[in-house]
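For reference, the structure is listed below as structure tokens.
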DNA sequence: GCGACAG
DNA sequence: ATCTTGTCGC
């Protein structure tokens, strides 16, 4: 299989790029925050990538840019970047606002080779990024946090954060240019529901667009 | 060897 | 990630 050969190459690339990750305190208080997510378009072998920009602290969406691309690579745990980054980079080129912090749907450095999609994306944009995943990739060594909103348990490479009382927690880790403590703080600061607003709103847009594109409800001139 | 495994 | 309605519970 050619995929196997790709995985060996990608694996080496991840290990090399992960050395470029910088864990350091934020240099400015976030003014606008980006939310990043991608969705699969059934039957078309294509993906939609969305980046929303929220004003802080109002959390109002001030921009929503997106792009569509043919699926470049199958989903393989540990190699999500190579499936979703191409379409996200295309969306990124259309971004007009200045963004001080990005939240990405997926792992940051809590990854077998320390380069989940949020970390990889963080190297591309050269801005602080946080990875917020709905489930773990690397099995956590720490226990689950208490049921109350705000409870957090820390692992070696990330934290498990309870963003809503009695609701499944999220898995937070550094993407780039931020500390884990800050990543946890902003995750809670931006959460009204289970997922923080940036990724929640990006996820919502991603699904709306995916359906519009799938059923041709969208003016073709935009594609 | 077998199962698990971000989205 | 996606295919899918209602339903139970905070």
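The values are calculated or read from the model by the stated rules, or taken from the named source; none is laboratory data. No experiment lies behind these values; they were computed from the predicted model shown. Backbone-built Cβ (ideal geometry, glycine too); neighbour counts: all protein chains shown.
Of all residues in the range A:175-191, those being buried (at least 24 other Cβ atoms within 10 Å of the Cβ) and out of contact with any strand residue (DSSP E or B) (no Cβ under 7 Å at 6 or more places or on another chain) number 0.
Mind listing just one residue for me: the one in the range A:94-107 that is more than 16 Å from DNA strand C (Cβ to nearest atom) and either under 12 Å from the mean Cα position of the chain (by Cα) or modelled with pLDDT under 95 (or both) and, of those, farthest from residue A:45 (Cα to Cα)? Even if it seems obvious, please write down each step before you answer.
Looking only at the range A:94-107, we keep the residues that are more than 16 Å from DNA strand C (Cβ to nearest atom), and these are A:94-102.
Among the residues that remain, those that are also either under 12 Å from the mean Cα position of the chain (by Cα) or modelled with pLDDT under 95 (or both) are: A:101-102.
Working: A:101: 30, A:102: 27 Å.
So the residue we want is A:101.
Does any residue of the range A:58-77 turn out to be touching a strand residue (DSSP E or B) at 6+ places or on another chain (Cβ under 8 Å), away from DNA strand C (no atom under 15 Å from the Cβ) and in a loop (DSSP other than H, G, I, E, B)?
Yes, that holds for at least one residue.
Quick check: is even one residue across the range A:192-213 modelled with pLDDT of 95 or more, outside any helix (DSSP H, G or I) and buried (at least 23 other Cβ atoms within 10 Å of the Cβ)? Yes. Check whether at least one residue in the range A:16-25 is under 22 Å from residue A:107 (Cα atoms), part of a loop (DSSP other than H, G, I, E, B) and touching a helix residue (DSSP H, G or I) at 6+ places or on another chain (Cβ under 6 Å), and report yes or no. Yes, because at least one residue in the range A:16-25 is under 22 Å from residue A:107 (Cα atoms), part of a loop (DSSP other than H, G, I, E, B) and touching a helix residue (DSSP H, G or I) at 6+ places or on another chain (Cβ under 6 Å). Checked against (1) in contact with a helix residue (DSSP H, G or I) (Cβ under 8 Å, 6 or more places away or on another chain); (2) surrounded by fewer than 19 Cβ atoms within 10 Å (Cβ to Cβ), residue A:39 meets all criteria but (2).
Can residue A:63 be described as over 14 Å from the mean Cα position of the chain (by Cα), farther than 23 Å from residue A:187 by Cβ and surrounded by fewer than 23 Cβ atoms within 10 Å (Cβ to Cβ)? Please lay out each step first, then the result.
On the way: over 14 Å from the mean Cα position of the chain (by Cα): yes; farther than 23 Å from residue A:187 by Cβ: no; surrounded by fewer than 23 Cβ atoms within 10 Å (Cβ to Cβ): yes.
No: the conditions fail for residue A:63.
Is it fair to say residue A:116 is surrounded by 23 or more Cβ atoms within 10 Å (Cβ to Cβ) and within 16 Å of DNA strand C (Cβ to nearest atom)? Outline the logic, then answer.
Working: surrounded by 23 or more Cβ atoms within 10 Å (Cβ to Cβ): yes; within 16 Å of DNA strand C (Cβ to nearest atom): yes.
When the stated conditions are applied, residue A:116 passes them.
Results for (1) surrounded by 15 or more Cβ atoms within 10 Å (Cβ to Cβ); (2) within 16 Å of DNA strand C (Cβ to nearest atom); (3) assigned to a loop (DSSP other than H, G, I, E, B); (4) modelled with pLDDT of 95 or more, shown as yes or no for each residue.
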residue: A:92; (1), (2), (3), (4): yes, no, no, yes
residue: A:132; (1), (2), (3), (4): yes, yes, no, yes
residue: A:137; (1), (2), (3), (4): yes, yes, yes, yes
residue: A:160; (1), (2), (3), (4): yes, no, no, yes
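Checking residue A:185 against (1) away from DNA strand B (no atom under 16 Å from the Cβ); (2) part of a helix (DSSP H, G or I); (3) in contact (Cβ under 8 Å) with a residue 60 or more places away in the chain: exactly one of these is not met. Which one? Residue A:185 satisfies every listed condition except (3).
Among the residues of the range A:10-55, those that are more than 16 Å from DNA strand C (Cβ to nearest atom), without any contact (Cβ under 8 Å) to a residue 60 or more places away in the chain and touching a strand residue (DSSP E or B) at 6+ places or on another chain (Cβ under 7 Å) comprise A:53, A:55.
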